[in-house]
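Readers should treat all values here as calculations from the given coordinates under stated rules, not as data from a laboratory. Predicted model only: the values in this text are computed from it and were never measured. As a convention, Cβ positions derive from the backbone with ideal geometry for all residues, glycine included, and neighbour counts pool all protein chains shown.
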Amino acid sequence: MVIRKEHALALMRLKEMEEGKFYTVPEGEEAPFIELEMANLARMGNPFEYVLTYWGEVLVNTLSEMVEKGLIAHPEKWDDEFRWIGTEVIAMIDASIKNGDICGGLIEKELSKRGFVEEKKIEKKGTFKVVNDFGKAIMDIFNNATPRLIVSRELKEFIKNAPTGPAESSFIKGESRFPLILESMRLIAFSVPTSDVYTFTALGEKVKQACELIPPVRDVIISEDIMDTLAECFDEGIDAVDEEGKELLWELALVDDKGELLPAGEALLEVYRVWRDRESLPVKTVDVEAIDAELLKGIEEVWEKNKENPEVVPTVEELVHYLFYKPLKEYKHVLEHYGRRLYQDLGYQKKEEIKKKFEEVKTAEELFKSFYEKGNQWYEKLFDIVQESLYTLESFGIIKSSDHNGKKVHRLTEWGEKILQDMKRRGFRRISSTAVKSITIKHRVFGAPNVDWYEEAVNAQLVGGGEPTEAGKLYEEVAYKAKRLPHITRFELQVLHKIPERGYFIDNLYEEFDETWHEEIEFAINKLEARGYIDILPNRAIVLTEVGSLIKRALAGTPEGFGNPITPLGVRVLDALRKVGTLYVKEQKIRVLPKNLKEAIKLSGLDEETFGKELLILKNAKLVGKNSINEAGLLVLEALDKLN
């Protein structure tokens, strides 16, 4: 849905018509009316004759009332290119509503220009600029007005040749009005706040795939009627379709002479399903730090050594030896991670001292011994770093730990192997949650990445040439297909505890900590978003997800000090206990008989020692009682189910 000056004036002309009368569009002025029709705001009767739809009337009435109240100038006074409504405006309104109506500095000015902001006093918080009822009315119109889907032969060629994005908007904008038609049909979306980046939506990508397969043999190659005919053929067989319909399907290469789907037909049927059901997947992402990637290589290399020496397996201890006793110069890409861990313990005021030490020592062992020699904690610190990274990798389904002759060992999953190959091919690097989200945000229907998100994706080699690279497609697959397990670190929990349900921004979070912790906060919120606990909106608001709320409630009574209050292995233990226990609904508990523990160990896939350690952590974290999973533990299990 896009409304510029010409669209607003067209709506007003239609509004002026007597009830039941159509407006005849003067020759050469059809374009904005076609775009309104595609957005389901106007309906065509005879060629070049239009009337308002129900939602078009609601929209023009909203605009008229805003003009009357002085919230926005009459459309006659607008600049020709001014976008009163567009996908970026819908995204800004949506982000505000999700954040308790509070707009935030990044988008407040742009929404104010359009008359969608008012001041509101919120009890115990202060006075804020919030989205007003008119903005919410626009959101309601967007959510209810089902757009048309009509692709002409000329539009097909434009779609076929346009990069899918994310890309700079200059890739797609120009003299042609095709981008406006695509936006009206919700096939592309533009970025907050000023449309600098665009991307094809999930539906748009499906349409593009169909356009690449359907031959340009007719003036219209995709329409609701064509899709209805194809669906009828698929559901009831070719004999149920009339002769004209059969000719249509054959001519467009959608089915063969027996009515079996051809590749173009399969693609168009997928378009029909997404368009008809208005399917919208959640925006998922994943986060892989440089040290995580390095450990994938370590796991692979240790298993290679196992072929020569069966005693050598990738336990945590063996991976500590692998990763930290090699020369630092070979691991420049993980120095940042080492540094951040040292800053956490020793304080950011020692940053220069730590940097200097990096230049003096040759191994990570020497580095950590320099700062932890007292009390001989250096090995413990290194062990913790490796263990936390392994937990993270398992939580994203990239590795899996299992019992191997009584030892806990680690193996790459299918996704871990693919990520390792990507790292070898394109370089060991950080893949941030934000970079991956630049690709997956297309599932938000009106979502496109902010400029800085897009730049992160380009720098991580996930986007190039205006489209996701092979690497970008891989991490998108991992985000949606890999099995997830809840996990949270001590610092991530500190951050999560600060975040309320609504009305909170990244800048508010920075204010909760000393300014030296800003870098650590950035890493933490990336991980929290990748874990599915928070949603960072385009206006820099942070909103708790349903899963995040469950995790926060579950850990409300957990004592501070745990390095990893919830681990993926602990969740596997919880899940196994659930399978052998009995639920008592009134007590909000699952009771587990001691005799069933052996079966639980077997179901968890862990060795007995690891199972026992994780069970102890669960008890100390107040998730498990003496012989039962308590209410907090049940919340974690509910989060597990929702993540997958």
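Modelled label positions at V217 and Q588, each set 7 Å beyond Cα in the direction of Cβ, lie 6.4 nm from each other. If R0 is taken as 51 Å, the Cβ-Cβ distance between F22 and T194 corresponds to a FRET efficiency of 0.90. Considering only F234, P193, C211, and ranking their Cα positions along the charge dipole of the range 139-248 that arises from unit charges at the beta-carbon of Lys, Arg, Asp and Glu, the one farthest toward the positive end is P193.
Projecting label points 7 angstrom from Cα along Cα→Cβ for K136 and N46 puts them 4.4 nm apart.
Peptides 247-255, 389-397, 376-384 ranked from most to least packed give 389-397, 247-255, 376-384, packing being the mean of other C-beta atoms within 10 angstrom over each peptide's residues. When you count the other C-beta atoms within 10 angstrom of each residue and take the mean per peptide, 38-49, 351-362 line up highest first as 38-49, 351-362.
Packing around the peptides 441-447, 240-246, taken as the average count of other Cβ atoms within 10 Å per residue, puts them in this order, highest first: 441-447, 240-246. Near A167, the amide H atoms lying under 5 Å from its own belong to Y198; only residues 5 or more places off or on other chains count, and H is placed 1.01 Å from N. Neighbour counting of Cβ atoms within 10 Å sorts the residues R572, R531, fewest neighbours leading, into R572, R531. Have a look at N450, N376, A471 and report the one farthest towards the positive end of the charge dipole of the range 290-481, computed about the Cα centre with Cβ charges (Lys/Arg +1, Asp/Glu -1). The Cα lying farthest towards the positive end belongs to N450.
Report the local net charge at G104: Lys and Arg +1, Asp and Glu -1, summed over other residues whose C-beta lies under 9 Å from its C-beta. Can you show the working numbers first?
Values: positive: K129, R540; negative: E108, D507.
Around G104, the charge tally is 0.
Close amide H contacts of V117 (hydrogens built in the peptide plane, cut-off under 5 Å, sequence separation of 5 or more or a different chain): N132. Ordered by the count of other Cβ atoms within 10 Å of each Cβ, fewest first, C233, C103 give C233, C103. Net charge dipole, the chain: roughly 3080 debye, given to the nearest 20, about the Cα centre with Cβ charges of +1 for Lys and Arg and -1 for Asp and Glu.
Determine the dipole magnitude for the range 359-509: charges of +1 sit on the beta-carbon of Lys and Arg, -1 on that of Asp and Glu, nothing else is charged, the reference point is the Cα centre, and the result goes in debye to the nearest 20.
On the way: 24 positive and 23 negative charges, 103 e Å.
Charge dipole, the range 359-509, about its Cα centre: 500 debye, nearest 20.
Sorted fewest first by neighbouring Cβ atoms within 10 angstrom, T413, T285 come out as T413, T285. Distances between placed amide hydrogens fall under 5 Å for I85 paired with I3, all partners being 5 or more residues away or on another chain.
Checking (i) 155; (ii) 185; (iii) 210 against volume of the Cα convex hull per residue in Å³ calculated from these atoms, the matching label is (iii).
What percent does the relative contact order of the chain come to when contacts are Cα pairs within less than 8 Å and at least six residues apart? Don't skip to the answer; put the middle values down first.
Details: 1054 pairs, mean separation 83.7, N = 644.
Once normalised by length, the contact order is 13 percent.
Give the calculated FRET efficiency between E154 and K125 to the nearest 0.05, with a Förster radius of 56 Å applied to their Cβ-Cβ distance.
On the way: r = 52 Å, r/R0 = 0.93.
Computed FRET efficiency for E154 and K125: 0.60.
To the nearest Å, what is the center-to-center distance of the range 339-393 and the range 286-308, using C-alpha atoms only? Cα centroid of the range 339-393 versus Cα centroid of the range 286-308: 20 Å apart. Spatial offset of the range 70-85 relative to the range 148-174 amounts to 26 Å, using the alpha carbon center of each.
Straight-line reach from K206: which lysines have Cα under 23 Å away, leaving out those fewer than 8 places along the same chain? Within the straight-line cut-off, K206 pairs with K156, K160, K173, K284, K437, K442, K473, K481. From the alpha carbon centroid of the range 485-528 to that of the range 94-113 is 21 Å. In this structure, Q349 and E501 have a Cβ-Cβ separation that, at R0 = 45 Å, corresponds to a calculated FRET efficiency of about 0.85.
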